[in-house]
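A.B. asks: Following this message is one structure expressed as structure tokens.
The values are calculated or read from the model by the stated rules, or taken from the named source; none is laboratory data. Just so you know, these numbers come straight off a predicted model, no measurement behind them. Methodologically, a virtual Cβ is constructed for each residue, glycine included, from the backbone with ideal geometry; neighbour enumeration extends over all protein chains shown. All accessible areas refer to the heavy atoms of the entire protein, side chains included, with ligands and DNA or RNA removed. Shrake-Rupley method; radii C 1.70, N 1.55, O 1.52, S 1.80 Å.
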Amino acid sequence: VQLQASGGGLVQAGGSLRLTCVASGNFIRIHDMGWYRQAPGHERELVALVLVTGRPMYADSVQDRFTVSRDNAKNTVWLQMNSLKPEDTAVYYCSAVFGSATYWGQGTQVTVSS
């Protein structure tokens, strides 16, 4: 299983970015799929997930600014990030749960300048 993330970059505060993650490999079904982030000196934290039921979950810090969505037919999850803040600066990691195993993408850097 491989997760390929893309879409990070440098943006000014208040701007927007859209992250994309595509899962590939030999699997039957993806359970939960979404995004985590890790800023320097901090632990990796949940940003947003789409559960296998289709229900989205968000960290309080991104609620109402970020939108997570997925297309099961394309094994793809997106993260639309609006009203970005400098504190959103981090490496963003795509994650996907297959049964009892969690897989991670390579990470994509998001930098928000003030």
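A.B. asks: Looking at (1) hydroxyl-bearing (Ser, Thr, Tyr); (2) touching a Phe, Trp or Tyr at 6+ places or on another chain (Cβ under 7 Å); (3) closer than 16 Å to LEU3 by Cβ; (4) open to solvent by 50 Å² or more (accessible area, probe 1.4 Å), can you tell me which one TYR103 breaks?
C.D. replies: Just one mismatch for TYR103, condition (2).
A.B. asks: If we keep just the residues of region 32-45 that are surrounded by 15 or more Cβ atoms within 10 Å (Cβ to Cβ) and either of a type in the set (Val, Ile, Thr) or touching a Phe, Trp or Tyr at 6+ places or on another chain (Cβ under 8 Å) (or both), which is nearest to VAL112 (Cα to Cα)?
C.D. replies: If we filter region 32-45 for residues that are surrounded by 15 or more Cβ atoms within 10 Å (Cβ to Cβ), which is where we start, we get 32-37, 44.
Subsequent filtering for residues that are either of a type in the set (Val, Ile, Thr) or touching a Phe, Trp or Tyr at 6+ places or on another chain (Cβ under 8 Å) (or both) retains 35-37, 44.
On the way: TRP35: 17, TYR36: 17, ARG37: 14, ARG44: 18 Å.
If we take residues in region 32-45 being surrounded by 15 or more Cβ atoms within 10 Å (Cβ to Cβ) and either of a type in the set (Val, Ile, Thr) or touching a Phe, Trp or Tyr at 6+ places or on another chain (Cβ under 8 Å) (or both), then ARG37 is nearest to VAL112 (Cα to Cα).
A.B. asks: With the structure loaded, tell me whether ARG55 is open to solvent by 60 Å² or more (accessible area, probe 1.4 Å), at pLDDT 95 or above and within 15 Å of GLN109 (Cβ to Cβ) or whether it fails that test.
C.D. replies: Working: open to solvent by 60 Å² or more (accessible area, probe 1.4 Å): yes; at pLDDT 95 or above: yes; within 15 Å of GLN109 (Cβ to Cβ): no.
When the stated conditions are applied, ARG55 does not pass them.
A.B. asks: Give the residue that is nearest to THR108 (Cα to Cα), with candidates limited to residues of region 9-27 that are over 15 Å from the mean Cα position of the chain (by Cα) and in contact (Cβ under 8 Å) with a residue 40 or more places away in the chain. Please lay out each step first, then the result.
C.D. replies: Filtering region 9-27 for residues over 15 Å from the mean Cα position of the chain (by Cα) gives 10-15, 24-27.
Within this subset, residues satisfying the condition of being in contact (Cβ under 8 Å) with a residue 40 or more places away in the chain are 10-15, 24, 27.
Values: LEU10: 11, VAL11: 14, GLN12: 17, ALA13: 18, GLY14: 19, GLY15: 17, SER24: 18, PHE27: 24 Å.
Of everything passing the filter in region 9-27, LEU10 is nearest to THR108 (Cα to Cα).
A.B. asks: It is to be established whether one or more residues within region 94-108 are in contact (Cβ under 8 Å) with a residue 40 or more places away in the chain, under 13 Å from GLY9 (Cα atoms) and out of contact with any Ser or Thr (no Cβ under 7 Å at 6 or more places or on another chain).
C.D. replies: Within region 94-108 (the criterion being in contact (Cβ under 8 Å) with a residue 40 or more places away in the chain, under 13 Å from GLY9 (Cα atoms) and out of contact with any Ser or Thr (no Cβ under 7 Å at 6 or more places or on another chain)), the answer is yes, since at least one residue qualifies.
A.B. asks: Would you mind stating whether ARG65 is closer than 14 Å to ALA5 by Cβ and of a type in the set (D, E, K, R)? I'd like the intermediate steps shown before the answer.
C.D. replies: Working: closer than 14 Å to ALA5 by Cβ: no; of a type in the set (D, E, K, R): yes.
When the stated conditions are applied, ARG65 does not pass them.
A.B. asks: Sticking with this structure for a sec: Among the listed residues VAL62, VAL97, identify the single one that is in a strand (DSSP E or B), open to solvent by less than 60 Å² (accessible area, probe 1.4 Å) and in contact with an Asp or Glu (Cβ under 8 Å, 6 or more places away or on another chain). Quick ask: steps written out before the conclusion?
C.D. replies: Working: VAL62 fails: in a strand (DSSP E or B).
Only one candidate qualifies: VAL97.
A.B. asks: What number of residues within region 28-54 satisfy the criterion of being within 15 Å of the chain's Cα centre (by Cα) and charged (D, E, K, R)?
C.D. replies: Result for region 28-54: 4.
A.B. asks: Could you please give the count of residues in region 16-31 that are part of a loop (DSSP other than H, G, I, E, B), at pLDDT below 95 and of a type outside the set (Lys, Arg)?
C.D. replies: Taking region 16-31 and keeping what is part of a loop (DSSP other than H, G, I, E, B), we get 16, 25-31.
Right, trim to at pLDDT below 95 and you get 25-31.
From what's left, of a type outside the set (Lys, Arg): 25-28, 30-31.
So the answer is 6.
A.B. asks: Taking only region 43-59 into account, find how many residues are within 18 Å of PHE27 (Cβ to Cβ) and assigned to a strand (DSSP E or B).
C.D. replies: Applying the first criterion (within 18 Å of PHE27 (Cβ to Cβ)) to region 43-59 yields 49-52.
In the following step, the residues that additionally are assigned to a strand (DSSP E or B) were identified as 49-50.
Selection size over region 43-59: 2.
A.B. asks: Which count do you get for residues in region 69-94 that are outside any loop (DSSP other than H, G, I, E, B) and basic (Lys, Arg)? Give the steps one after another, and end with the answer.
C.D. replies: Applying the first criterion (outside any loop (DSSP other than H, G, I, E, B)) to region 69-94 yields 69-74, 76-81, 86-88, 90-94.
Next, only the ones that are basic (Lys, Arg) stay: 70, 74.
Total satisfying the criteria: 2.
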